[in-house]
Amino acid sequence: MKFGVSTFITDRGVRPAPLGTALEDRAFDSLFIAEHSHIPAKRESPYPDGGELPEMYYRTLDPFVALAVIATVTERLLLGTGIALIPQRDPIHTAKEVASLDLVSDGRVVFGVGVGWNREEMRDHGTDPATRGRLTDERLRAMRELWTQEKAEFHGEFVDFDPSYAWPKPVQRPFPPIYVGGGPGGFHRVAELGDAWLADGMPPDELGPLIERMRSVAGREVPVTVYAAADDPAQVEGYLGLGVERVLFYLPTMPEQETLAYLDRLAELAGRYR
């Protein structure tokens with residue numbers, strides 16, 4: 001089993017470069033970072049974890065800028081979005097950002113994607129929350145055309161463009177792996193468009209039946225990465241028993257020295273299972 005970290009990179013926490021160096025120095029294989037463009041002050045959507053929404057949600061750095069910085073100071077670390085909010089992103093620009101990051105990192109991008117939960121946030125991007133699933137699927141299909149075709153074109157319900165040149169192409173062929181986040185409502189997306197399921201950090205006894213259900217929908221042995229996992233040895237043992245490919249420990253957003261101390265503890269736990 002592989003071990004990485006998932007976190008929110010903000011203007012009040014550790015900077016991207018020292019975080020990336022610290023992760024690679026401690027033999028973590030990957031970093032997945034969250035994305036929110038903004039959070040409307042008038043809140044309607046309840047915070048999924050309950051209570052008040054932490055400020056890290058509206059202080060996140062742009063994921064592709066942060067990961068590009070990390071790419072320049074690392075050599076092996078996988079650079080993941082966890083997750084990129086596809087209903088809020090122009091597919092042509094996003095395809096170029098993903099491909100550009102894959103190029104400058106020599107093929108280390110993992111494209112974690114999802115539909116999002118904050119309805120007022122996505123409405124500000126012109127997205128109807130009721131159709132965000134179909135929109136996400138279509139934008140992902142359009143991006144795959146941009147990554148793989150010399151003259152890409154796409155004609156759909158939401159995305160429409162005539163034959164076009166779009167470079168760079170990703171280093172990874174045919175394109176970076178797509179890790180699909182979300183629950184059972186998105187299992188069809190895993191089946192049709194995903195290379196792995198990016199599962200929320202639920203306990204192993206809850207995750208096991210969902211893995212079986214997801215793989216039944218997909219019709220194949222889709223790898224599973226657990227996002228925002230607790231640093232609990234019992235849960236790590238449970239994930240190991242389920243055959244999970246990767247565990248992403250949740251790293252709270254903190255200043256640099258506190259972050260390094262926290263990573264030391266996570267690395268010690270991960271080292272027990274390597």
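What follows is calculated from the coordinates using simple rules that are stated; it is not laboratory data. Treat the numbers as computed from the prediction; the structure is a model and nothing was measured. Every residue, glycine among them, receives a Cβ derived from its backbone with ideal geometry; neighbour counts consider all protein chains shown.
General remarks:
- Angle in degrees between helix 132-148 and the longest Cα principal axis of the chain, rounded to the nearest 10: 80 degrees
- Exposure proxy for Phe175, Phe28: other Cβ atoms within 10 Å of each Cβ, ordered fewest to most, give Phe175, Phe28.
- Where the Cα pairs of the chain fall when distances are cut into 5 Å bins, in %: 1, 6, 13, 16, 19, 18, 14, 8, 3, 1, 0
- Computed from the Kirkwood radius of its Cα pairs, the Stokes-Einstein diffusion coefficient for segment 4-65 at 37 °C and 0.692 mPa s stands at 251 µm²/s.
- Binned Cα-Cα distances of segment 117-274, short to long, each 10 Å bin given as a whole percent: 9, 28, 31, 24, 8, 0
- A viscosity of 0.890 mPa s and a temperature of 25 °C, combined with the Kirkwood radius over Cα pairs in Stokes-Einstein, give a translational diffusion coefficient for segment 124-205 of 170 µm²/s.
- Neighbourhood charge, 12 Å Cβ-Cβ cut-off, centred on Val222 and excluding it, Lys, Arg +1 and Asp, Glu -1: -1
- With Rh defined as the Kirkwood radius, the inverse of the mean 1/r over Cα pairs, the Rg/Rh of segment 12-159 is 0.99.
- Mean separation of Cα contacts under 8 Å (6+ apart) over length of segment 122-178, as relative contact order %: 25 percent
- Over all other residues within a Cβ to Cβ distance under 13 Å of Thr21, the charged ones net out to -1, with Lys and Arg as +1 and Asp and Glu as -1.
- Between 0 and 90 degrees, the angle of helix 233-242 with respect to the longest Cα principal axis of the chain falls at about 50 degrees.
- Inter-part distance where segment 200-274 and segment 72-87 are each reduced to a Cα centre, Å: 17 Å
- The three principal axes of the C-alpha atoms in segment 108-147 carry coordinate ranges of 32, 20, 14 Å, sorted with the longest axis first.
- Nearest 10 degrees, 0 to 90: helix 204-218 Cα axis against the chain principal axis: 30 degrees
- For the chain, the relative contact order works out to 23 percent when only alpha carbon pairs closer than 8 Å and six or more residues apart are counted.
- Among the chymotrypsin sites (Phe, Trp or Tyr not before Pro) within segment 111-184, those in coil by DSSP and having at most 12 neighbouring Cβ atoms inside 10 Å are Tyr165.
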